[in-house]
Amino acid sequence: MQRHLKYVSERLFDYYKENRFDWLIMGGAEQALADFPNHLHTYLKQRSLGTITVDINTIKPDEIAERALDLLERRERKNEEKLLEEFGEKLRVGLAVNGIRDTLKALMMGQVGILLVVEGFTHPGFKCPESGVLVLEKRDNLCPEGKTPIPVVDIVDDAIEEALGQRAEIEIIFNEERKRLDGIGAILRFKL
């Protein structure tokens, strides 16, 4: 059995080298799942999302998919918790902003490293026609080019686009702990 597990592990690593993947979920009999990780290459161990104990003779593909999605969901929630914890710590020392106004200002200054958006959060706003600067009010002096900003239905979509253009990470927050976030916020690359 150990030789077989070693062989499977080698083939899996060969597959990984040719077809990079983010996560590895292992499924099988309990004893095989206990022994198999000992044969995995370090790169694959780092990608292990968990295991699913299954009877390979009776399990159906949709059940495998459902259980794999459960593992992914748990991983996402754990990552969200860590991210929100980091957000809270950085907010206290001035390396994060909370709320639409401060987040738009940080985007304008190119400070955003990670943009955090509560799932479903929307907000109307305005966009400067030439510079693309995002603002919350319609006043002439807000646009660097001196023109009047034009209304946008959802400034959050534009903020996400701007953050992507600045190569910031975007994280949509589904977590129940999202109350710490006023709809939108950011972890900053630097302080001003």
Can you pull the percent of the chain's accessible area that's carbon plus sulfur, 1.4 Å probe, other chains left in place?
50 percent
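Roughly what % of Cα-Cα distances in the chain sit above 29 Å, to the whole percent?
Details: 8167 of 18336 pairs.
Result for the distance tail: 45 percent.
How many percent of DSSP beta bridges within segment 70-192 run antiparallel, rounded to 5? Show your work: numbers first, answer last.
Values: 13 of 18 bridges.
Of those bridges, close to 70 percent are antiparallel.
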For segment 127-192, the percent of all C-alpha pairs falling in each 5 Å bin, from 0 up to the bin holding the max distance, is 3, 15, 21, 19, 20, 14, 5, 2, 0
How far is helix 2-18 tilted off the main Cα axis of the chain, in degrees rounded to 10, range 0 to 90?
30 degrees
Any idea what angle helix 61-92 forms with the longest principal axis of the chain, computed on alpha-carbon atoms, 0 to 90 degrees, nearest 10?
40 degrees
Whole-number percent relative contact order across the chain, with pairs defined as alpha carbons under 8 Å at least 6 apart
22 percent
Taking the chain as the reference, fit the longest principal axis to its C-alpha atoms, fit the long axis of helix 155-165 to the helix C-alpha atoms, and give the angle between the two in degrees, 0 to 90, nearest 10.
70 degrees
So if I take the centroid of the Cα atoms in segment 41-57 and the same for segment 103-127, what is the distance between those two points in Å?
37 Å
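On average, how much accessible surface per residue is there in the chain, in Å², for a 1.4 Å probe, leaving out ligands, DNA and RNA? Can you show the working numbers first?
Values: 12150 Å² over 192 residues.
Per residue, the chain has 63 Å² of solvent-accessible surface.
The values are calculated or read from the model by the stated rules, or taken from the named source; none is laboratory data. Given the structure is predicted, the values throughout are model-derived calculations rather than measurements. In case anyone asks, the SASA skips ligands and DNA or RNA and just uses the protein heavy atoms, side chains included. Shrake-Rupley method; radii C 1.70, N 1.55, O 1.52, S 1.80 Å.
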